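The structure appears below as structure tokens.
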Amino acid sequence: MNKHNYQKLLVYIHVILLILLVVDIFLIVRFDMSYCTYWLDRVIAFGWLMSGLLIFASYRRKGKVWSKLYYGTFLFYPITCALAFFIDRVFFAIIASPLITILLIPDVYYSDSKYEIRENSGIMTSKQLILIEKRTLVEKLIGTESLTETPAKYSNLKIIRETTDKIESLVSDGKTQSVIMFQK
């Protein structure tokens, strides 16, 4: 099969697939029915797009202006869609990043040079108080406590007792004192 026959065959295949696609769209819109199996619709549409792309590749130098415009869309439309999808995701990340950052900032209930009590940060985490031991350049999680109600801002923290599985601490908000048991 020479190149000219191959190009004619591609055009015939493209037109037949276009007719099948138009009939399928008419059936869906008018009678709420379609070709058998949901794959056939997709195969026809994919074949139509691919045949248009192959025709553009073979006629891009010697085709007429209208054919270059028509078949050129089969190359540039998927590229444009992919680029638009990528740009959409990038702009979503740029716009949503302040909101995501705000959601990830934990509430701090007590802080001094050695310890910090704060809420567990994260979108999907459970509500917990965590006790952090501050070191020079790093901090270490040393205990957690389930959070049933929002605590007050604490002005004083004193570690009363530390065992292998618990840390008992006395906290004060200036008016009242309470004991918090942090699990290791």
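The values are calculated or read from the model by the stated rules, or taken from the named source; none is laboratory data. Quick caveat: nothing in here was measured; it's all calculated off a predicted structure. No Cβ is skipped: glycine too gets one built from the backbone with ideal geometry, and neighbour counts run over all protein chains shown. Ligands, DNA and RNA are excluded from the accessible area calculation, which covers all protein heavy atoms including side chains. Shrake-Rupley method; radii C 1.70, N 1.55, O 1.52, S 1.80 Å.
Miscellaneous remarks
- Failed criterion for residue 171 (all others in (1) closer than 30 Å to residue 99 by Cα; (2) in contact (Cβ under 8 Å) with a residue 40 or more places away in the chain hold): (1)
- Here residue 61 qualifies as free of Cβ contacts under 8 Å to residues at least 12 places away in the same chain and within 18 Å of residue 6 (Cα to Cα).
- Single residue of the range 161-178 satisfying the filter (of a type in the set (Val, Ile, Thr) and surrounded by 11 or more Cβ atoms within 10 Å (Cβ to Cβ)) that is farthest from residue 107 (Cα to Cα): 167
- Among the residues here, residue 175 does not qualify as in a loop (DSSP other than H, G, I, E, B) and in contact with a strand residue (DSSP E or B) (Cβ under 6 Å, 6 or more places away or on another chain).
- Any hit, the range 111-124, residues being out of contact with any Cys (no Cβ under 6 Å at 6 or more places or on another chain), free of Cβ contacts under 8 Å to residues at least 40 places away in the same chain and either within 30 Å of residue 7 (Cα to Cα) or hydrophobic (A, V, I, L, M, F, W, C) (or both): yes
- When residues in the range 136-157 are screened for being open to solvent by less than 80 Å² (accessible area, probe 1.4 Å) and hydrophobic (A, V, I, L, M, F, W, C), 4 of them pass.
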